[in-house]
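Novice: This structure is in structure tokens; I'll ask about it shortly.
The values are calculated or read from the model by the stated rules, or taken from the named source; none is laboratory data. Since we're looking at a predicted model, the values are computed, not measured. With ligands, DNA and RNA removed, areas are computed over all heavy atoms of the protein, side chains included. Shrake-Rupley method; radii C 1.70, N 1.55, O 1.52, S 1.80 Å.
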Amino acid sequence: MAFRENLLHLRAAHKLTQEQLAMRLGVSRQSVAKWESGTTYPEMDKLIALCQLFECTLDDLVTGDMTDQAPRTVFETAQAPVDLFGYDETMRSLGRKIPTGVAAICSGVSAGCLLFALGENSLYIPENIACALGFLLIILGVAAGLSFLVPAGLTYSAFCRAHPYLEDFYTEQDKQEARSEFTWQLLVGIIVLAMGIGAAIALDPYPAVEIFAPTIILGTVAVGVWFIIHGSMSLGRVNIQGYNEATAEEITPSELARADLTDEQRARASALQRKSRITGSLCGAIMLLATAIALCLLFVPMAQADFKNVSDHVLPYFWLPWPIGGLICGIVGLLTSVLLDEHAPVPEAGSSQIRF
């Protein structure tokens with residue numbers, strides 16, 4: 001108990017909050033809270049850092065009685081927030097890789113459509129060569145996209161497991177800059193998409209070039225989506241509470257048990273995981289049903305006697321169940337958030353309780 005009492009006294013005597021002490025030691029606030037409650041004990045390098053910080057010996061700190069000592073050092077407590085674990089750089093890197101991966105896939109499909117258009121009715125190049133090259137470009141685009149998306153997903157997952165809870169270190173100026181970046185990138189993305197649709201509509205009266213409309217639309221989608229996703233991730237990057245909630249749903253129960261969290265945060269994470277499992281199960285069932293309907297719309301007309309007549313009316317809409325299923329999943333997610341919400345009351349400023 002000597003160490004716990006000494007730490008409590010030294011921190012209070014030097015007028016440091018748990019967050020400020022954690023910041024100086026390069027640990028989380030939860031670690032300091034657990035040291036002071038006697039739940040855990042710091043490792044040797046942190047003990048030495050504490051001795052250097054409070055100008056005392058290791059014996060005095062661990063086994064002595066320092067509760068009657070006056071502070072030896074006056075600390076500057078008005079420190080700027082600090083990113084202890086490299087969160088900002090990690091999220092910025094993901095914010096570049098993920099939109100680039102999505103744009104690469106869209107670009108590959110756009111290039112493939114261009115080859116299909118050039119080979120349509122063998123107008124420009126032989127149709128079989130155009131189809132082969134078109135499919136090759138699509139595959140290359142998907143491969144390029146996955147080369148960005150897969151490592152980004154693994155990096156994010158590893159970071160979440162290593163740091164399941166973060167203190168909010170962003171200033172209001174940082175958040176305002178992120179909101180501004182999101183606004184102008186969203187506008188640029190929408191303008192690019194509108195230009196692509198407008199160009200495709202303008203080509204409609206000209207049959208000779210109308211076949212290139214899908215290429216134009218998908219090409220502008222690649223550019224517009226990059227800006228929209230990048231702006232959205234820039235805004236999401238400064239939402240530390242959102243990160244904490246998402247991470248609580250990502251980590252496994254065993255990882256949650258080992259995580260450096262308070263009891264309230266662990267209970268909150270468990271509630272979020274239950275809600276995530278229910279939502280995931282419902283959405284999985286919805287999308288499986290949507291896929292079954294889409295496959296029926298695609299293949300059932302082949303069994304019809306008048307295939308041509310039926311396919312003209314049904315086949316163009318076989319893809320509709322998927323976006324409809326996605327919208328239903330969004331509604332289900334909102335409903336589960338309301339019906340299964342187990343949020344604890346938001347603590348007052350300065351409270352020792354911290355919620356996800």
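Novice: Just the accessible area for GLU127, please: 1.4 Å probe, Å², rounded to the nearest 10?
Specialist: 90
Novice: Round to the nearest 10 and report in Å² the accessible area of LYS175, as given by a 1.4 Å probe over the protein chains' heavy atoms.
Specialist: 50
Novice: Here is a further query. Rounded to a whole number, what % of the accessible area of the range 92-174 do carbon and sulfur atoms account for, probe 1.4 Å?
Specialist: C and S atoms contribute 70 percent here.
Novice: Any idea of THR40's accessible area? Nearest 10 Å², probe 1.4 Å.
Specialist: Per-residue accessible area (THR40): approximately 60 Å².
Novice: A further question on this structure: From the C-alpha gyration tensor of the range 113-244, pull out the three semi-axes of the equivalent ellipsoid (sqrt of 5λ each), sorted largest to smallest, in whole Å.
Specialist: 40, 21, 6
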